[in-house]
Amino acid sequence: MAWTEQMVEDLKRMWKEGLTTGEIGKRLNVSKNSIVGKVHRLGLSGRPSPIKKKSDAPAPKEPAAPKIKEPAKPVEKPIAKEEKSEPVRPKTETAPAVSGTFAAPRHKGNVSLTELDNHTCRWPIGDPKDENFHFCGKKVRIGQTYCEEHAAVAYVKPGKK
């Protein structure tokens, strides 16, 4: 598309009047992007955004510093207090419940990720960064992910209101 001198003059006039790029484009029968590009090439002065802000405060005149996106924090699965403070020791019985807290079941042995199958509990035990990290490994019901003890923690039923 070729810009005529008349089109450039009309563009400059409408730009100074404060018309939007879309409105100028309609009047000159060109796309909004054509207007934006021509304004840039002509070096016309910038204008505040036509998008209304929630506050009536004037927009800052200096360019804002680019925002640095912080890395997402890893999501951690809940681990019972006892498991955080005690070293992992294989046992065959369940620890007694302490009032107000969940007592984690004791396990027969360490089950690694590669040892998991459709019949073993996938509840993580410990910190994945530690070499002692493992999974519960107790038997589960068909179609379930966790053993009965860990399912009770993972799937809490909503209480009556």
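The values are calculated or read from the model by the stated rules, or taken from the named source; none is laboratory data. All of these numbers come straight from a predicted model, not from anything done at the bench. Quick reminder, even Gly has a Cβ in these numbers, built from the backbone with ideal geometry, and neighbours come from all protein chains shown. When the accessible area is computed, the model is the full protein with side chains, heavy atoms only, and any ligands, DNA or RNA have been set aside. Shrake-Rupley method; radii C 1.70, N 1.55, O 1.52, S 1.80 Å.
Once ligands and nucleic acids are excluded and a 1.4 Å probe is used, how much of ARG27 is accessible, expressed in Å² to the nearest 10?
That residue has around 140 Å² of solvent-accessible surface.
Residue by residue through region 119-130, which ³J(HN,Hα) values in whole Hz follow from phi under the Karplus form 6.51 cos²θ - 1.76 cosθ + 1.60 (θ = phi - 60°), with glycine and proline marked x?
With coefficients 6.51, -1.76 and 1.60, one gets 10, 10, 5, 9, 5, x, 10, x, 8, x, 7, 7 Hz.
Amide H of HIS134: which non-local residues (sequence gap of 5 or more, or other chain) have their own amide H closer than 5 Å, using H built in the peptide plane?
ILE125
Once label points are set 7 Å from the Cα along Cα→Cβ at both GLU115 and GLN144, what is their separation, rounded to one decimal in nm?
Roughly 2.1 nm, to one decimal.
Is region 118-161 rounded, prolate or oblate when judged by the Cα gyration tensor, a ≥ b ≥ c being the square roots of its eigenvalues, rounded requiring a/c under 1.5 and prolate requiring a/b larger than b/c? Could the numbers behind the result be given before it?
Details: a/c = 3.78, a/b = 1.51, b/c = 2.50.
The shape class here is oblate.
If I model a spin label as a point 7 Å beyond the Cα along the Cα-Cβ vector, how far apart are those points for LEU44 and TRP3 in nm?
0.9
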